[in-house]
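Taking it in order: structure first as structure tokens, then the write-up.
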Amino acid sequence: MRTLTTLGLLIAAFSSLFYFLDSHLEKFYIFEPAHLHALSKKAIALYGNDTTAVVNHIVSDLHANYPAHVNLDEEWMFNNAGGAMGARYNNRLYIIHASVTEYVIIFGSAVGTEGHSGRHTADDYFIILKGTELAYKPGPGSYQPEVYPQGSMHHMKRGEVKQYKMDEACFALEYARGWIPPMLFFGYADTFTSTLDFSTLWRTTYVTGREMLGNLANMKL
Ligand SMILES: *[C@@H]1O[C@H](CO)[C@@H](O)[C@H](O)[C@H]1NC(C)=O
């Protein structure tokens, strides 16, 4: 009986904490979609299709503004999330920032990719650095793809689902804000159902966990 009461109290405490945090999430954000978009457009104006230089410019600018929250180490890893809808599993990503409420990554592929966006617990901003992204959100009268060229920003609201496609080489600066940990399960699912690439799973977990804990240690939720 006493155990049950304690359990009930704990659940009540956690739910109130969750509701409190959920309604105050924006207080924890350090990045701004409009700023990331302006920074990306400036980098493209300076370096065009030299994507290495574009990414370097963005990352050094972010590091100058948020020295404690930006990973300068370009650790690229595979990511096979949402591959069920497409035939190709070629996404790559580099984690610039990961905390409990935000992540900033470079996401893309030099040979193109396609997939299901996933239904996420965060708002997602996808800024195209190179190439073009097509997106499709089924609905009444919706027969045309949404087209996102270089320099544009694709905002997917929390809870929204789309099919997306990046023909040929396409890279984006992706910024997500909301609850990040639940998104990781989507990112992992394909490992168990299709790729069985556990060394990538371990590496993604290690790098994400290291960045999240590092940010928590710096008082960044
Ligand atoms: C990048 O390359 C594409 C395809 O060749 C071209 O359409 C686009 O204008 C180029 N972008 C810049 C900023 O030079």
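The values are calculated or read from the model by the stated rules, or taken from the named source; none is laboratory data. In this text the structure is predicted, and so the values were computed from the model without any measurement. Backbone-built Cβ (ideal geometry, glycine too); neighbour counts: all protein chains shown. Side chains included, ligands, DNA and RNA excluded: accessible areas come from the protein's heavy atoms. Shrake-Rupley method; radii C 1.70, N 1.55, O 1.52, S 1.80 Å.
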Quick test for you: out of Gly178, Gly151, pick the one residue that is within 14 Å of the ligand (Cβ to nearest atom) and open to solvent by less than 60 Å² (accessible area, probe 1.4 Å).
Gly151
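Residue by residue, here is whether (1) more than 16 Å from the ligand (Cβ to nearest atom); (2) assigned by TED's automatic domain parsing to the domain that holds Leu93; (3) assigned to a helix (DSSP H, G or I); (4) modelled with pLDDT of 95 or more holds:
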site: Lys42; (1), (2), (3), (4): no, yes, yes, yes
site: Ala45; (1), (2), (3), (4): no, yes, yes, yes
site: Asn49; (1), (2), (3), (4): no, yes, no, yes
site: His57; (1), (2), (3), (4): no, yes, yes, yes
site: Ser60; (1), (2), (3), (4): yes, yes, yes, yes
site: His63; (1), (2), (3), (4): yes, yes, yes, yes
site: Ala68; (1), (2), (3), (4): yes, yes, yes, no
site: Asn71; (1), (2), (3), (4): yes, yes, no, no
site: Glu74; (1), (2), (3), (4): yes, yes, no, no
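For (1) farther than 28 Å from Ala217 by Cα; (2) part of a strand (DSSP E or B); (3) assigned by TED's automatic domain parsing to the domain that holds Lys41, each residue gets a yes or a no:
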{"residue": "Ala135", "(1), (2), (3)": "yes, yes, yes"}
{"residue": "Ser142", "(1), (2), (3)": "yes, no, yes"}
{"residue": "Arg158", "(1), (2), (3)": "no, no, yes"}
{"residue": "Leu173", "(1), (2), (3)": "no, yes, yes"}
